[in-house]
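Before any comments, here is the structure.
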Amino acid sequence: AYFDNYVSVIDVAANVVIANIPIPNTSLINSLVVSPDNKYVYLTNSYNNSVTKIDIALNNVVAVIPVGIVPIDLAVTKDSSKIYVANLQSSTVSVIDANTNMVIKTISTGICPFKAKMHPSGQFTYVMNGESATISVIRCNDDSIISTIAVPGVFYGTPKNDLVFTKDSNLALV
């Protein structure tokens, strides 16, 4: 779906495309995330600075939400109530209320945030900032940055461009 204006739905049991969902006004989809309740897919539209929300049961777009400049990645809370969007060029994270489909807060981060990962507890979002070689830790209950971690070598487009958590959630690896 990189430069296509649709998202393809694949039946994995039959390994066939069962639907193509048109995505209005997009030319670059960088990230797709399914909400934990399996009701919606959220995707970044990097060239038109928005996030598209797709209803999985209906296979159609239900909202296009304006966010910061060049949204590139996103994470959804465990209860599916909020979406955190890393906006590469505006050096911010947009926080979307999933019920109203509105940005409820814009958080300034390090320079060029490019990866957003939800901690398995659902209490924190970790945001990798490519130009400042840091990770911003956002507490989800009040959408505030509680820590900024310096991580040498974190840079957009380099081998250190992802973050994972261990199964016990005690460690994050970059």
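Matching residues to (1) surrounded by fewer than 21 Cβ atoms within 10 Å (Cβ to Cβ); (2) at positive phi; (3) touching a Phe, Trp or Tyr at 6+ places or on another chain (Cβ under 6 Å):
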position	(1), (2), (3)
ASP11	yes, no, no
ASN30	yes, no, no
ASN48	yes, no, no
PRO66	yes, no, no
ILE72	no, no, yes
ASP79	yes, no, no
SER94	no, no, no
| said: Can you say whether SER90 is at pLDDT 95 or above and touching a Gly at 6+ places or on another chain (Cβ under 8 Å), as far as the supplied structure shows? | reply: yes
| remark: Reported set for the range 17-28 where residues are without any contact (Cβ under 8 Å) to a residue 40 or more places away in the chain, exposed (fewer than 14 other Cβ atoms within 10 Å of the Cβ) and assigned to a strand (DSSP E or B) is VAL17, ILE18, PRO22
| Any residue in the range 113-128 that is open to solvent by less than 40 Å² (accessible area, probe 1.4 Å), in a strand (DSSP E or B) and among the polar types (S, T, N, Q)? | yes
| field | Exclusive hit being small (Gly, Ala, Ser), closer than 28 Å to SER8 by Cα and open to solvent by 60 Å² or more (accessible area, probe 1.4 Å), set ALA86, ALA57 | value | ALA57
| Residue check: is LEU32 hydrophobic (A, V, I, L, M, F, W, C), over 12 Å from the mean Cα position of the chain (by Cα) and modelled with pLDDT under 95? | no
| request: Check the range 134-157 and report whether any residue there is under 17 Å from the mean Cα position of the chain (by Cα), on the phi > 0 side of the Ramachandran plot and open to solvent by less than 20 Å² (accessible area, probe 1.4 Å). | output: yes
| Would the range 99-107 turn up any residue that is at pLDDT 95 or above, more than 17 Å from ASN161 (Cβ to Cβ) and of a type in the set (Ser, Thr, Tyr)? | yes
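The values are calculated or read from the model by the stated rules, or taken from the named source; none is laboratory data. On a predicted model such as this, the values are computed, not experimentally measured, just so you know. Virtual Cβ from ideal backbone geometry, glycine too; neighbours counted across all protein chains shown. We work out accessible area using only protein heavy atoms, side chains counted, and drop any ligands, DNA or RNA first. Shrake-Rupley method; radii C 1.70, N 1.55, O 1.52, S 1.80 Å.
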